[in-house]
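Inspection log for the structure reproduced underneath, given as C-alpha cells.
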Protein chains: 2
Amino acid sequence: MPTIKDVAKLAGVSFKTVARVVNGEPSVGKDLRERVEVAIRELGYRPSLAARQLAAQKSFIIGLIVPRAGISYIARMMIAVASACREQGYQVTTETIDWRGDNYNAAESLRFASRPDAVIVAPPFCNDAVFLQGLADQGLPIVRIAGVTDAPGMVIPVHEAPISIRLVEHLIALGHTRIGMVAPPLPIRASEERLVGYRAALAAAGIAYDPDLVIRGDFNFAGGVRAVTEMLALPQRPTAVFAASDDMAAGVLAQAHKLGFRVPDDLAVAGFDDAPLARMVWPPLTTVRQPVSQIAQAAVHAAIHQRVPEVSFQHELIIRGSTNGDRQHCLDIYAF
Amino acid sequence: MPTIKDVAKLAGVSFKTVARVVNGEPSVGKDLRERVEVAIRELGYRPSLAARQLAAQKSFIIGLIVPRAGISYIARMMIAVASACREQGYQVTTETIDWRGDNYNAAESLRFASRPDAVIVAPPFCNDAVFLQGLADQGLPIVRIAGVTDAPGMVIPVHEAPISIRLVEHLIALGHTRIGMVAPPLPIRASEERLVGYRAALAAAGIAYDPDLVIRGDFNFAGGVRAVTEMLALPQRPTAVFAASDDMAAGVLAQAHKLGFRVPDDLAVAGFDDAPLARMVWPPLTTVRQPVSQIAQAAVHAAIHQRVPEVSFQHELIIRGSTNGDRQHCLDIYAF
DNA sequence: TTGTAGGCGTTATCAC
DNA sequence: GTGATAACGCCTACAA
C-alpha cells in the first residue's frame, strides 16, 4: 500500500505538497499539481483513513442510530445516509438498537467503538430526551430526524400533516364518511401528524370525529390486525381505514381478507411509507412515499457542518388498488 | 478523551503495561494489572481504533458486500454480520451494490475507503469470478457465502437441496401432483439447489418432471407474477407452486388473487427465506427459514482467522396458511 | 507557493 | 515481568 511519501518521491516534491493536492487546497502550482496527480494515479495511492483520523483528531465517521424494527424505512435510511456520507468523504457506522415496546437499552448501546464525529438519530429514539442526553454527555453533536420533543441536538423537521390530509381527502372523495385510523403508538413523535392530518381532513369535510374509529397501533403488522378487528365489530363499521404505516395497513388488509371483506369494495385501506411490502400485497396499497433520501442528505449535511440546511421535503401520495379500484400490480423495481 | 498514557500515569506504571492489560497479555503481575484496571474504569478509557489501526497495520474492519435488492435477506445478513463482528472486536462496513439484472459496476465499486482486513461477499456476487478476482487483486482475503463456482476466496458452503426436498414433500403429502416451480434466475448459484431439491422430491415420489411447470424468475415480485400467469394458462395447470423466494411467492399469491384463485384451496403456494413479508400477506406463506446468523458467524470467523470453521447449518421448514389450510395470522415480532 | 519539525495514540522491538 | 524507543501515515503549525 503506497504512502504519501512514495507519491512525493515519485513526483519529486515534498510530501506536504502531495497532501495539499489530496485535500484540494488551492495553494499549489499547476504543474506540480499535475505531476502529483499523475503519481497518485500511477501508484493507486489512497490516503490512510486511520492516519488522517489520528492526526486530525477527527474520525470522518457519522454514526447512525436506528431501531431494529420496521425494516424498509430503516433500510432506505441506511442506504441514503451512507451514500450521502460517501459524497462528502465520510463513512457511516450504523448502530441498530433493539426496540420492542419501550424497553431498550439506551445510552449504553452507544459506546461507538468508532468514535463518530456526530450522530444521526432516527425515530423513535430522536424523541427520547434521556437517551439523547446520554449522547450529548459523550460530547457528540446530534442530529435528530423528525424530532418534535425538547431535547439536545439539531432537528431535521419533517411534517406529515399536509400529506396525511391529502390522503384522507382522497378517501373522502371516494365517498367514504366512516373512516377508521390505526394511529401511531404515542403522541410524542413526528408521526403523530398523521393523526393530526386525519382529524383536519375530516373536520374540513364536515365529518364528525368519532374516537371509536381511532385505535393506536404499534407500527407492526399485528397492530393492524387487532385494530381492524375491533373496528369492524363496531355497530357502524368503517368503510375505509387509514393505517399510519404500511406494516399496519398490511395487517388491516390481511384481517379483512380473513374475515371475508373485499378490498376495496367492502373496505378501502391506505398505509404510509411506501414500503416494498405495499406493492406486494393484494391489492397493492395506496400509501405515502417519504422523501427519505432528501431527509438523509439534510441530516448528513447537518452532522458534518453543524448546521441544518434550509430545505423542505416533498411527500408523495401514491394511489393503488387498495382504495381506487384500479386493480393493477405495481411491477416496478423498488427504488430505495 | 483519555489516552493510554493518562491511564499509565494514574496507575503509576508505564503505558506499555497498560497496553498489555488492555490486550489481555498474560505477562503482567496481578497487583499491577488490578491497578491498571481500576485506572481504566476511573477514566472511562477506551483505546483509539485509529491509533491501533495505524500502529498494527490492520483496520479491524470486515467489509461486507451485498446486493441492493432483496431487502430482508440483506437486512438480516447485515445485522447478523455486524453483531458477529462486534463480538470479536471488529467493525463492519457494508458496501451495497446496485444489482439490476446482470449489470453492475464490479470491482470499481469496491475501493473501500476503510481498507477492510477481509471481505465477506454475499450472493449473487460470491459467484462472479471476475468480480472476485478484482477483489483478490487488491490483496483482500475473501469469504464467499454460499459460493459454488470456481473463484478466489474461502467458501462458506450452504446447501439448500435437502430442505427444498422436504418442502416439496410437504406439498406432495397434501395430495398435489402438478407442482410448479418459480426457479432461481441462473444455474450458477447456490440457490440452484432449490430446483435440484424440487426435482429430487418429485422423482422420489414417482412424479414425472414437466419442464412446462418450471419457469425461472428474477427473485423479484414481478417474476412470480409473470411465472404464475404463464403456468395457470397451461392446459393442465399446477395446483401448487413453489417459488424460490418469498418475494416471488408473493407475486404468485397476488396474481392468484387477482385471477380469482383461492389460496390454498385452488392453488397452494410456498416460498423461501421467511422474509417479514411472508407473514404479512394473506394467507401467510409456507416457507423456509435460513440460518442467517449462523452463516454470518461462520463467515466472520473465516474472515478474521483465515479459516473456515466446520459447521453445518440447519434450515427450517415453516408451514403456514398458504399450503395447509390452517389460516392463522403469524403475529410474532420478526426476529432477525 | 513550497518545505520542515513535531505530534496524534497505539503496537512492536528490544533492552533491563 | 516491566519499560524505554522507534515506527505507523498523516495533519497542523511554522518557516523559508
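Bear in mind that the values in this text are calculations on the coordinates, not laboratory data. Bear in mind that the values here come from a model prediction, so they are computed numbers and not experimental data. Backbone-built Cβ (ideal geometry, glycine too); neighbour counts: all protein chains shown.
Its Cα centre serving as origin, chain B has a Cβ charge dipole (Lys and Arg +1, Asp and Glu -1) of approximately 980 debye. For the range B:317-322, the Karplus equation 6.51 cos²θ - 1.76 cosθ + 1.60, evaluated at θ = phi - 60°, returns couplings of 8, 10, 9, 10, x, 6 Hz by residue, with Gly and Pro reported as x. Stokes-Einstein diffusion for chain A at 25 °C, viscosity 0.890 mPa s, with a Kirkwood radius from C-alpha pairs, works out to 110 µm²/s. Remark on B:T93: its backbone amide H falls under 5 Å from those of B:I62, B:G63, B:L64, a criterion applied only to residues 5 or more positions apart or on other chains, H modelled at 1.01 Å from N. Each part gets one Cα centre, and for the range A:266-336 versus the range A:199-235 those centres are 21 Å apart. Expressed as a whole percent, how much of the Cα-Cα distance distribution for the protein assembly as shown exceeds 31 Å? The proportion of pairs with Cα distances above 31 Å equals 59 percent.
Mean silhouette area of the range A:220-336, derived from the convex hull of its C-alpha atoms and averaged over all directions, reads 8.5 nm². Across the range B:206-308, Cα pairs under 8 Å and at least six residues apart give a relative contact order of 20 percent. Charge dipole of the range A:1-80 (Cα centre as origin; +1 on each Lys and Arg Cβ, -1 on each Asp and Glu Cβ, all else neutral): 200 debye, rounded to the nearest 20. Per-residue ellipticity at 222 nm from helix content only, as computed over chain B with -39500 (n - 2.57) for each DSSP H run of at least four residues, stands at -12000 deg cm²/dmol. Each residue of the range A:130-140 was assigned a 3J(HN,Hα) from its phi angle through the Karplus curve 6.51 cos²θ - 1.76 cosθ + 1.60 (θ = phi - 60°); the sequence is 4, 4, 5, 5, x, 5, 4, 5, 7, x, 8 Hz, with glycine and proline shown as x. My understanding is that a pair violates if its Cα-Cα distance is over 28 Å; which of A:K16/B:K16; A:K258/B:K258; B:K5/B:K30; A:K9/A:K30 do that in this structure? Violating the 28 Å Cα-Cα cut-off are A:K16/B:K16.
Annotation: amide H of B:R144 within the under-5 Å range of B:V121, B:M154, B:V155, B:I156, sequence separation 5 or more or interchain, hydrogens built in the peptide plane. Of the beta bridges in the protein assembly as shown, as assigned by DSSP with both residues counted there, near 10 percent are antiparallel. In terms of its Cα atoms, the range A:1-160 spans 62, 29, 27 Å along the principal axes, sorted from long to short. Across chain A, the relative contact order, built from alpha-carbon pairs under 8 Å that are at least six residues apart, equals 14 percent.
Dipole of the protein assembly as shown computed with +1 at Lys/Arg Cβ and -1 at Asp/Glu Cβ about the Cα centre; of B:T149, A:G175, A:V13, farthest Cα towards the positive end is A:V13. Each residue of the range A:47-57 was assigned a 3J(HN,Hα) from its phi angle through the Karplus curve 6.51 cos²θ - 1.76 cosθ + 1.60 (θ = phi - 60°); the sequence is x, 7, 4, 4, 5, 4, 4, 5, 6, 7, 6 Hz, with glycine and proline shown as x. By the count of neighbouring beta-carbon atoms within 10 Å, fewest first, A:V81, B:V263, B:V311 end up ordered B:V311, B:V263, A:V81. Among the trypsin sites (Lys or Arg not before Pro) in the range A:261-318, those placed in a DSSP loop whose Cβ has at most 11 other Cβ atoms within 10 Å are A:R262, A:R307. Label-to-label distance, B:L174 versus B:N23, with points set 7 angstrom from Cα along the beta-carbon direction: 5.9 nm. Remark: spin-label model distance A:M1-B:I207 equals 5.4 nm, labels positioned 7 Å along the Cα→Cβ axis.
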